[in-house]
Amino acid sequence: MVTRVQVKMARAALGWNVKVLAEKVGVAANTISRFENGTDTYGETLRKIRRVFEEAGITFIDENG
């Protein structure tokens, strides 16, 4: 999964705003904003977010790795 901070940092690294990420993931921009601001979201949505970032070239490193 991805954390709120990882989502914000990955968006910044790619120069994407919330709307761009939401369109690529296939969810409403409010879903991304709410997650980044502390509201939980469905696991499937988080998997989609991670997949979109990985397809764009972002690599996630496990906390202990």
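The values are calculated or read from the model by the stated rules, or taken from the named source; none is laboratory data. The shown structure was predicted, so the numbers you read here are calculated from the model rather than taken from an experiment. Please note: Cβ atoms are built from the backbone with ideal geometry, for glycine as well, and neighbour counts cover all protein chains shown. Only protein heavy atoms, including side chains, enter the accessible area calculation; ligands, DNA and RNA are left aside. Shrake-Rupley method; radii C 1.70, N 1.55, O 1.52, S 1.80 Å.
Quick notes
- Index of the failed condition, residue 9 passing every other in (1) in a helix (DSSP H, G or I); (2) open to solvent by less than 80 Å² (accessible area, probe 1.4 Å): (2)
- Test: residue in the stretch 47-55 that is open to solvent by 40 Å² or more (accessible area, probe 1.4 Å), in contact with a helix residue (DSSP H, G or I) (Cβ under 7 Å, 6 or more places away or on another chain) and modelled with pLDDT of 95 or more: yes
- Residues considered: 38, 26. Of these, the only one that is at positive phi and either modelled with pLDDT under 95 or open to solvent by less than 50 Å² (accessible area, probe 1.4 Å) (or both) is 38.
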